[in-house]
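The values are calculated or read from the model by the stated rules, or taken from the named source; none is laboratory data. Being a predicted model, the structure only gives us computed values, none of them experimental. Here the Cβ is made from the backbone with ideal geometry for all residues, glycine too, and neighbour counts use every protein chain on show. With ligands, DNA and RNA removed, areas are computed over all heavy atoms of the protein, side chains included. Shrake-Rupley method; radii C 1.70, N 1.55, O 1.52, S 1.80 Å.
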Amino acid sequence: MEKVIYTLWCPENESSAVFRGRLLGEVADRLLQLGARGLQINVADDDVAAAEGLRQVNTRPQMNGLLSLWVDTAIEKFRRPFDLAIAAAVGRTESYLVTESQPIRNTRHPARPGQRTWGFSQLAFLRRPPRLSHEAWLDVWHNSHTQVAIDTQSTFQYVQNVVVRPLSYAAPRIDALVEECFPPEAMTDPQVFFDAAGDPDKLKRNVQAMMDSCSRFIDRNEASGQHMIDVVPTSQYVVRPPVA
């Protein structure tokens, strides 16, 4: 079984509610009919509007969501019906084959099939800095930063997707995609986000540790000082948990 992620752009002038409804309705139904082994939809909708301050934009226009699809094979001939069903329902899409690891499984607030997962899911699209080899980049991220992220944030799910290769023609470069689920209060309260509720000193320590760690494997924009990643707050819908 293989996992394919599709970055999604909402059609121009369409509301996020209409976009979400189509993805969770006709698109999800069609993908399941085609034999999807698992399906998850993330969409930036009104339910995460309060998290707008967490957004970081490097891709313009920025993606509005993500579709995660588990299939028997990502070989083009067999994947094409899925690609067509998704492309017909969105303004734009790009697809990538990924490997998935879950340093934190969602056991505290388990998703209910087809329903919105509690809290919110923050997506981070990573690009490897040219100063690091692929092996060195993965070593810093997986073998060092992962524990820092776990120790300094209030995540109840943490998924790391490493891109094996792009599947769509001329897809923009993405080296990895992170999915992190947080409590709803973390949308607006940094103390909750950084697992430091009621403790300003711990907040400072955790923010500094996280920023220092990120800087080791994610470059910063010299003009803005922001890390050169796309961060998109979304609502998560697990339509069908992946099954072998």
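Observations, loosely collected:
- Cβ-based net charge around residue 85, under 12 Å, with every Lys or Arg adding one and every Asp or Glu removing one: +1
- With respect to the chain, whose longest principal axis is taken over its alpha-carbon atoms, helix 200-217 is tilted by about 60°.
- With all protein chains kept in place, the per residue accessible area of the range 1-120 amounts to 49 square angstrom at a probe of 1.4 angstrom.
- Share of carbon and sulfur in the accessible heavy-atom surface of the chain [1.4 Å probe, %]: 50
- Residue-count net charge about residue 137 - beta-carbon cut-off 15 Å; Lys, Arg +1, Asp, Glu -1: +1
- Farthest towards the positive end of the charge dipole of the chain, among the residues 163, 140, 33, is the Cα of 33, using unit charges on the Cβ of Lys, Arg, Asp and Glu.
- Candidate aspartates and glutamates for bridging to residue 204, where Cα separation is under 16 Å - those fewer than 8 sequence places away on the same chain excluded: 151, 189, 195, 212
- Dipole magnitude of the range 151-244 about its Cα centre (Cβ charges: Lys, Arg +1; Asp, Glu -1), debye to nearest 20: 340
- Cα-based reach from residue 3 at 23 Å (exclusive), listing lysines while leaving out same-chain residues under 8 positions away: 77
- Under the combined filter of DSSP loop state and at most 11 neighbouring Cβ atoms within 10 Å, the range 143-244 retains these trypsin sites (Lys or Arg not before Pro): 173.
- Loop sites here are GluC sites (Glu not before Pro) outside DSSP states H, G, I, E and B with no more than 13 other Cβ atoms within 10 Å. The longest part of the chain free of them is 15-221.
- In this structure, residue 57 and residue 143 have a Cβ-Cβ separation that, at R0 = 41 Å, corresponds to a calculated FRET efficiency of about 0.90.
- Shown here for the range 54-90: trypsin sites (Lys or Arg not before Pro) in loop regions (DSSP other than H, G, I, E, B) with at most 16 other Cβ atoms within 10 Å, namely 55.
- Using the empirical formula 2.2 N^0.38 Å as the baseline, the Cα radius of gyration of the chain reaches a ratio of 0.98.
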